[in-house]
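Working notes for the structure below.
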Amino acid sequence: FGPQYPRSATGICPRNMVVLAHYVGILAVCGISSATIGSGHNPGLSMGARFKGARGPGIFFRVSWATEVPQSQLDDWFGLVAQGRAEGPSSPYFVSELALQEVASGVWPPQHANKPGTMFTEELAKLAKYFPLFDTVYIGTLLLPRTGNASYWEDYAAAQKSVAERFLNLYPLARHPNFAWYITDEGCIEQPSSVAQLLELSSAALNSVAPLPILWSPAVCEKFDTLPGNPPGSELEPLLEKLFCSKNLTVPVAIHFQDHVGVTSTFQFPFYYNYSMTSDDALGYYRVLKRVSAKCPMLREVKVNMEMFVEHHNPEGQGGEINGAFILDGDPREVGTRRRVYEAQAEIGVCWAMPHWFNLNTFANRTMNIQCTEQQLKNGTCTHPYFNHVPVGRLSSHRTGVNWK
């Protein structure tokens, strides 16, 4: 389940690695006043308003990160989003959606596991000012430990409903019309019977709070060519039709499935990447799900959650952050190649996760810092190869990214 803690957020300082516009300038171009953003109020106009209809990839964000990294890191992360939104769909940094993994405690982070359902109020207060950057902000509620009880999925649906209601009391839709729902629990898509109750009960519970679009991001846990059937996947397809065409699924859902490339990877220092799952596996699942969506209206959208990380296993050879594995940025060349494949043959959805997206998109500019003097780095005159080409001004001081005040 969703690893990736930003372990070295304060390592190589990302200041000045890209030339970002002053936030006020970006807002002026996009028609939003800085006063509006400062209040956390969204009047219905997003940063992408001038690119109506343009949809880019999305980014997952673990809410607890908001207080685990410095404010300057948050401003850097979302400052790059702001740059991409100002530049438009042709920008390498253009994204249109944000998904908050969970807004209340549960299984993750472990230090809060004994207090499930506690709202991350401090973290959300820090993040709210960034919500208007996105066309859609998916709200995940919480994840609970699997108990094996017969009533588990009913209990989980009720917990999601409670958290969703409390969240909208804090951040009402009248001020945030770009909200949608995210089902935080996952499961494996090639085991439809094991996730049917999760999907049916969770979507109904969230819809009962507010009838908003719903996103779910299950994993594909097996290599596609190992699936039963000839051709592979031919036995899975009717099972997925049964799941998504079921009369028990009463609310349309979007599926941005995890390609599982990151979870099944291993990394050894200094630069040895080993990948098990590939884009070929994801494309196989994508084609099956697209055929299912053509028959089942409740499956309203199919995209790929492109995992941008690798795992350095613990000394016992175990993966997973909860087991002490290190979650690191993926191989830039592999991620870039995979992205091009998905852009050409599928659709990229909301991807895991913000720290990796930022690091992978800026590492080349960061390497330029060794060619600049300390004074140039401090005063913001260190020249980098990628420049912001929107004429809204440049940073002239040592401040990082965007001025969010």
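When the residues of region 179-195 are filtered to those that are more than 15 Å from G140 (Cβ to Cβ) and out of contact with any helix residue (DSSP H, G or I) (no Cβ under 6 Å at 6 or more places or on another chain), which remaining residue is most open to solvent (accessible area, probe 1.4 Å)?
Start the filter on region 179-195 by keeping residues that are more than 15 Å from G140 (Cβ to Cβ), which leaves 188-195.
If we keep only those that are out of contact with any helix residue (DSSP H, G or I) (no Cβ under 6 Å at 6 or more places or on another chain) as well, we get 188-189, 191, 193-195.
On the way: C188: 27, I189: 1, Q191: 88, S193: 112, S194: 57, V195: 4 Å².
So the residue we want is S193.
Take K129 and tell me if it is open to solvent by 50 Å² or more (accessible area, probe 1.4 Å) and free of Cβ contacts under 8 Å to residues at least 24 places away in the same chain.
Numbers: open to solvent by 50 Å² or more (accessible area, probe 1.4 Å): yes; free of Cβ contacts under 8 Å to residues at least 24 places away in the same chain: no.
No; evaluated as a whole, the condition is false for this residue.
Residues to consider are D135, D155; find the one that is more than 19 Å from A82 (Cβ to Cβ), of a type in the set (D, E, K, R) and at pLDDT 95 or above.
Working: D135 fails: more than 19 Å from A82 (Cβ to Cβ).
Criteria check complete, one pass: D155.
With respect to C221, determine if the residue is within 22 Å of T264 (Cβ to Cβ), open to solvent by 20 Å² or more (accessible area, probe 1.4 Å) and in contact with a His (Cβ under 7 Å, 6 or more places away or on another chain). Working first, answer last.
On the way: within 22 Å of T264 (Cβ to Cβ): yes; open to solvent by 20 Å² or more (accessible area, probe 1.4 Å): yes; in contact with a His (Cβ under 7 Å, 6 or more places away or on another chain): yes.
Yes, satisfied.
Looking at region 346-368, can you tell me whether even one residue there is out of contact with any Phe, Trp or Tyr (no Cβ under 9 Å at 6 or more places or on another chain), of a type in the set (S, T, N, Q), within 28 Å of Q101 (Cβ to Cβ) and at pLDDT 85 or above?
Step one: of region 346-368, the residues out of contact with any Phe, Trp or Tyr (no Cβ under 9 Å at 6 or more places or on another chain) are 359-360, 363, 366-368.
Right, trim to of a type in the set (S, T, N, Q) and you get 359, 367.
Applying the additional criterion that residues be within 28 Å of Q101 (Cβ to Cβ) yields 359.
Checking which are at pLDDT 85 or above leaves us with 359.
Yes, region 346-368 contains at least one residue that is out of contact with any Phe, Trp or Tyr (no Cβ under 9 Å at 6 or more places or on another chain), of a type in the set (S, T, N, Q), within 28 Å of Q101 (Cβ to Cβ) and at pLDDT 85 or above.
Restricting attention to region 104-125, does a residue exist that is in a loop (DSSP other than H, G, I, E, B), among the hydroxyl-bearing types (S, T, Y) and in contact with a Lys or Arg (Cβ under 7 Å, 6 or more places away or on another chain)?
Let us first name the residues in region 104-125 that are in a loop (DSSP other than H, G, I, E, B), namely 105-109, 113-118, 120.
This time we only want the ones that are among the hydroxyl-bearing types (S, T, Y), so: 105, 118.
If we keep only those that are in contact with a Lys or Arg (Cβ under 7 Å, 6 or more places away or on another chain) too, we end up with 105.
So far as region 104-125 goes, yes, one or more of its residues are in a loop (DSSP other than H, G, I, E, B), among the hydroxyl-bearing types (S, T, Y) and in contact with a Lys or Arg (Cβ under 7 Å, 6 or more places away or on another chain).
E165 - would you say it is assigned to a helix (DSSP H, G or I), surrounded by fewer than 18 Cβ atoms within 10 Å (Cβ to Cβ) and touching a residue at least 12 places away in the same chain (Cβ under 8 Å)? Lay out the reasoning, then the answer.
On the way: assigned to a helix (DSSP H, G or I): yes; surrounded by fewer than 18 Cβ atoms within 10 Å (Cβ to Cβ): yes; touching a residue at least 12 places away in the same chain (Cβ under 8 Å): yes.
Answer is yes for this residue.
Please verify whether P177 is within 22 Å of the chain's Cα centre (by Cα), part of a loop (DSSP other than H, G, I, E, B) and more than 24 Å from W352 (Cβ to Cβ), treating the condition exactly as stated. Let's see the steps before the verdict.
On the way: within 22 Å of the chain's Cα centre (by Cα): yes; part of a loop (DSSP other than H, G, I, E, B): yes; more than 24 Å from W352 (Cβ to Cβ): yes.
It is true that P177 is within 22 Å of the chain's Cα centre (by Cα), part of a loop (DSSP other than H, G, I, E, B) and more than 24 Å from W352 (Cβ to Cβ).
Looking at (1) within 30 Å of F363 (Cβ to Cβ); (2) open to solvent by 40 Å² or more (accessible area, probe 1.4 Å); (3) not polar (S, T, N, Q), can you tell me which one A150 breaks?
(1)
Residue by residue, here is whether (1) in contact (Cβ under 8 Å) with a residue 60 or more places away in the chain; (2) open to solvent by 60 Å² or more (accessible area, probe 1.4 Å) holds:
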{"position": "T226", "(1), (2)": "no, yes"}
{"position": "N230", "(1), (2)": "no, yes"}
{"position": "S234", "(1), (2)": "no, no"}
{"position": "P238", "(1), (2)": "no, yes"}
{"position": "A254", "(1), (2)": "yes, no"}
{"position": "Q258", "(1), (2)": "yes, no"}
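Could you say whether any residue in region 222-241 is assigned to a loop (DSSP other than H, G, I, E, B) and either of a type in the set (F, W, Y) or touching a strand residue (DSSP E or B) at 6+ places or on another chain (Cβ under 9 Å) (or both)? Before the answer, list the steps.
Pass one, region 222-241, residues assigned to a loop (DSSP other than H, G, I, E, B): 222-223, 227-235.
In the following step, the residues that additionally are either of a type in the set (F, W, Y) or touching a strand residue (DSSP E or B) at 6+ places or on another chain (Cβ under 9 Å) (or both) were identified as 222.
Yes, region 222-241 contains a residue that is assigned to a loop (DSSP other than H, G, I, E, B) and either of a type in the set (F, W, Y) or touching a strand residue (DSSP E or B) at 6+ places or on another chain (Cβ under 9 Å) (or both).
Quick grid of which residues meet (1) closer than 30 Å to A125 by Cβ; (2) at pLDDT below 95; (3) surrounded by 14 or more Cβ atoms within 10 Å (Cβ to Cβ):
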| residue | (1), (2), (3) |
| --- | --- |
| G324 | no, yes, no |
| R340 | no, no, no |
| E374 | no, yes, no |
| L377 | no, yes, yes |
| V392 | yes, yes, yes |
| W404 | yes, yes, yes |
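Test G324 against the stated conditions and say whether it is more than 21 Å from R339 (Cβ to Cβ) and in contact (Cβ under 8 Å) with a residue 24 or more places away in the chain.
Values: more than 21 Å from R339 (Cβ to Cβ): yes; in contact (Cβ under 8 Å) with a residue 24 or more places away in the chain: no.
Criteria not met by G324.
Quick check on region 301-311. Is at least one of its residues within 28 Å of R55 (Cβ to Cβ), of a type in the set (F, W, Y) and either open to solvent by 20 Å² or more (accessible area, probe 1.4 Å) or part of a loop (DSSP other than H, G, I, E, B) (or both)? First the steps, then the outcome.
Going residue by residue through region 301-311, those that are within 28 Å of R55 (Cβ to Cβ) are 301-310.
The next check asks that each one be of a type in the set (F, W, Y); those that pass are 309.
Those left that are additionally either open to solvent by 20 Å² or more (accessible area, probe 1.4 Å) or part of a loop (DSSP other than H, G, I, E, B) (or both): none.
The answer is no; no qualifying residue exists.
Limited to region 260-289, what total is found for residues that are open to solvent by 80 Å² or more (accessible area, probe 1.4 Å) and part of a helix (DSSP H, G or I)?
2
Which residue pairs have Cβ atoms under 8 Å apart, sit 6 or more places apart or on different chains, and have a first residue in region 371-384 that is among the aliphatic types (A, V, I, L, M) and a second that is assigned to a helix (DSSP H, G or I)?
L377/N369
Which of the numbered conditions does P110 fail, given that it passes all the others? Conditions: (1) modelled with pLDDT under 80; (2) touching a Pro at 6+ places or on another chain (Cβ under 9 Å).
(2)
Against the condition closer than 22 Å to F358 by Cα, basic (K, R) and open to solvent by 60 Å² or more (accessible area, probe 1.4 Å), how does R333 come out, does it pass? Show your work before the answer.
On the way: closer than 22 Å to F358 by Cα: yes; basic (K, R): yes; open to solvent by 60 Å² or more (accessible area, probe 1.4 Å): yes.
So R333 fits the description; yes.
The values are calculated or read from the model by the stated rules, or taken from the named source; none is laboratory data. Just so it is clear, the model here is predicted, and its values are computed rather than measured. Methodologically, a virtual Cβ is constructed for each residue, glycine included, from the backbone with ideal geometry; neighbour enumeration extends over all protein chains shown. Please note that ligands, DNA and RNA were not included when accessible areas were found on the heavy atoms of the full protein model with its side chains. Shrake-Rupley method; radii C 1.70, N 1.55, O 1.52, S 1.80 Å.
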